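Heads up: the structure comes next, in structure tokens.
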Amino acid sequence: MNPPKDARIDMPAESIPRKWYNFAADLPEPLEPMLNPKTREPIRKEDMEALFCKEIIKQEFSLERHVDIPAEVRDNYVTLCRPTPLQRAYHLERELGTPAKIFFKREDIGPLGSHKGNSALAQAYYNAKAGMEALTTETGAGQWGSALALACKIFGLGCTVFMVRNSYEAKPYRKTVMGIYGADVHSSPSKATEYGKRVLAENPDTNGSLGIAISEACELAAGNPKVKYALGSVLNHVMLHQTVIGLETIEQMKAADIVPDKAIACVGGGSNFAGFCFPMMREYGRDCQFIAAESSATPSLTKGERRYDYGDTGCMTPMMMMYTMGHEFMPSGIHAGGLRYHGMSPLVSEAYRHGMCSAVAYDQTETFEAGMMFANAEGIIPAPESCHAIKAAIDCALAAKRESREETIVFNLSGHGLIDLYGYQQYMDGKL
Ligand SMILES: *Cc1c(COP(=O)(O)O)cnc(C)c1O
């Protein structure tokens with residue numbers, strides 16, 4: 001028997017999208033401006049030049065609906081195994097006994113094992129083209145740091161990564177991956193920055209946080225005109241770059257006559273959700289329900305407050321209007337390091353405020369349980385972050401079963417969990 005046409009939908013390399021989709025062009029209301037952290041006045045493009053190159057700043061403020069993907073970035077999307085397949089979770093459907101069809105977009109494949117490379121490549125490319133020598137960044141679980149390290153290697157830039165201490169200790173192999181790609185990795189808070197030294201002096205036993213690591217990376221970039229900062233999520237230009245995921249998914253669904261009723265992704269800073277869902281919001285509008293799955297350890301959408309806040313703990317980044325737990329929020333040391341960010345992308349925050357998507361929050365144990373079920377059904381060990389999307393997809397499929405309703409669920413498998421085995425072991429040992 002031949003596999004059915006919707007078992008796995010592949011596309012040839014030449015069908016990688018030529019343009020990203022900019023959701024800012026289709027917002028019901030314009031975004032509130034970012035504020036200069038010192039003056040609290042709307043930020044000017046020049047104010048951002050200490051941290052970002054001009055092309056990135058232009059994209060951050062852009063209201064153009066479609067933005068060209070540079071040829072050099074498109075070529076390297078092939079290196080990251082784009083276009084990634086859209087696959088049907090037949091075994092999981094059978095295991096759940098649901099009439100729902102479940103599809104997942106495979107951002108877990110490729111050398112990096114997560115979606116983060118989609119923006120890392122673009123950011124490294126624009127900075128290299130602008131004549132920069134190196135990039136600095138933060139990383140939580142390490143996926144973003146690994147992605148930026150490889151992208152910098154490809155485009156000939158140096159790379160310094162501040163890795164949140166509790167991940168640095170729990171995920172030593174991520175550090176090795178970054179080291180293989182030539183990056184310089186510090187456990188954050190570190191002694192490499194003034195801010196890091198201050199935090200260490202006040203609280204030597206801190207777990208660290210993304211907010212602290214961002215402050216350290218910004219401090220280093222601000223001190224050298226040839227060094228810029230790169231952020232792995234939250235900002236508008238990162239959401240833009242990630243839309244390659246959703247644009248491919250739409251083409252794949254069209255090729256297999258799939259029309260989604262529900263689209264799901266996990267949310268930390270919002271980039272894989274934005275990348276997966278924004279293009280579909282434009283394509284399907286309210287005919288499809290969009291669900292953001294967050295961690296109950298940092299429930300910025302379901303429990304946070306919408307207000308201006310800093311992107312980092314040291315109050316160095318521009319202030320953004322977003323759903324936030326507060327920039328001093330210290331999340332517990334959950335394994336889904338990528339979901340421990342205190343704020344939410346301003347664009348995703350707006351989609352949520354306007355009712356274009358809903359949100360659910362899950363605790364760690366129930367998401368690992370969902371991840372285990374998925375691994376046993378499909379053979380793929382998902383990233384702890386992605387387990388949140390899987391949990392939401394399973395809940396939807398079970399609701400469809402209770403109501404004997406056919407529906408089509410698509411979710412984004414943002415990454416694999418092969419370097420997160422410590423978390424799985426703890427789950428299996430009953431230690432979570
Ligand atoms: C970073 C990361 C996330 C969370 O970040 P978003 O910007 O919300 O996408 C989710 N899944 C994986 C695999 C990640 O690496």
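The values are calculated or read from the model by the stated rules, or taken from the named source; none is laboratory data. All of these numbers come straight from a predicted model, not from anything done at the bench. Neighbour counts run over all protein chains shown; Cβ positions are idealised from the backbone, glycine included. SASA here: full protein model, heavy atoms, side chains in, ligands and nucleic acids out. Shrake-Rupley method; radii C 1.70, N 1.55, O 1.52, S 1.80 Å.
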| query | Here are some conditions: (1) of a type in the set (A, V, I, L, M, F, W, C); (2) under 22 Å from the mean Cα position of the chain (by Cα); (3) surrounded by 13 or more Cβ atoms within 10 Å (Cβ to Cβ); (4) not assigned by TED's automatic domain parsing to the domain that holds Ile390. Leu63 meets all but one. Which one does it not meet? | reply | (3)
| note | Condition set of a type in the set (Val, Ile, Thr) and within 16 Å of the ligand (Cβ to nearest atom), scope the range 246-268, selection surrounded by the most Cβ atoms within 10 Å (Cβ to Cβ): answer is Val267
| message | So for the range 221-228 (the condition being more than 27 Å from Pro99 (Cα to Cα), surrounded by 24 or more Cβ atoms within 10 Å (Cβ to Cβ) and either within 16 Å of the ligand (Cβ to nearest atom) or assigned by TED's automatic domain parsing to the domain that holds Glu350 (or both)), does at least one residue qualify? | response | no
| task | Answer yes if at least one residue in the range 269-279 is surrounded by 20 or more Cβ atoms within 10 Å (Cβ to Cβ), away from the ligand (no atom under 13 Å from the Cβ) and touching a residue at least 12 places away in the same chain (Cβ under 8 Å), and no otherwise. | result | yes
| said: Being buried (at least 17 other Cβ atoms within 10 Å of the Cβ) and in a helix (DSSP H, G or I) is the filter here; which residues of the range 50-60 pass it? | reply: Glu55, Ile56, Ile57, Gln59, Glu60
| If you go through the range 297-316 one residue at a time, do you hit one that is in a strand (DSSP E or B), within 14 Å of the ligand (Cβ to nearest atom) and surrounded by 24 or more Cβ atoms within 10 Å (Cβ to Cβ)? | no
| query | When residues of the range 245-291 are filtered for being over 21 Å from the mean Cα position of the chain (by Cα) and not polar (S, T, N, Q), how many remain? | reply | 16
| request: Among the residues of the range 83-115, write down those that are part of a loop (DSSP other than H, G, I, E, B), away from the ligand (no atom under 16 Å from the Cβ) and surrounded by 16 or more Cβ atoms within 10 Å (Cβ to Cβ). | output: Pro83, Pro85, Ala89, Thr98, Ala100
| Candidate set from the range 127-146 (those that are of a type outside the set (S, T, N, Q), open to solvent by less than 20 Å² (accessible area, probe 1.4 Å) and in a helix (DSSP H, G or I)); member that is nearest to the ligand (Cβ to nearest atom) | Trp144
| Extreme residue, farthest from Ile102 (Cα to Cα), among residues of the range 396-407 that are open to solvent by less than 50 Å² (accessible area, probe 1.4 Å) and touching a strand residue (DSSP E or B) at 6+ places or on another chain (Cβ under 9 Å) | Ala400
| For the range 323-330, does any single residue satisfy the condition of being of a type outside the set (A, V, I, L, M, F, W, C), touching a Phe, Trp or Tyr at 6+ places or on another chain (Cβ under 6 Å) and more than 15 Å from the ligand (Cβ to nearest atom)? | yes
| Does Arg40 satisfy the condition of being under 30 Å from Gly371 (Cα atoms), outside the structural domain of Ala130 (by TED's automatic domain parsing) and among the basic types (Lys, Arg)? | no
| In the range 11-49, which residues are more than 30 Å from Arg82 (Cβ to Cβ) and assigned to a helix (DSSP H, G or I)? | Lys45, Glu46, Asp47
| remark: Expected single match for modelled with pLDDT under 95 and either within 18 Å of the chain's Cα centre (by Cα) or not assigned by TED's automatic domain parsing to the domain that holds Ala230 (or both) among Gly140, Gly145, Gly208 is Gly140
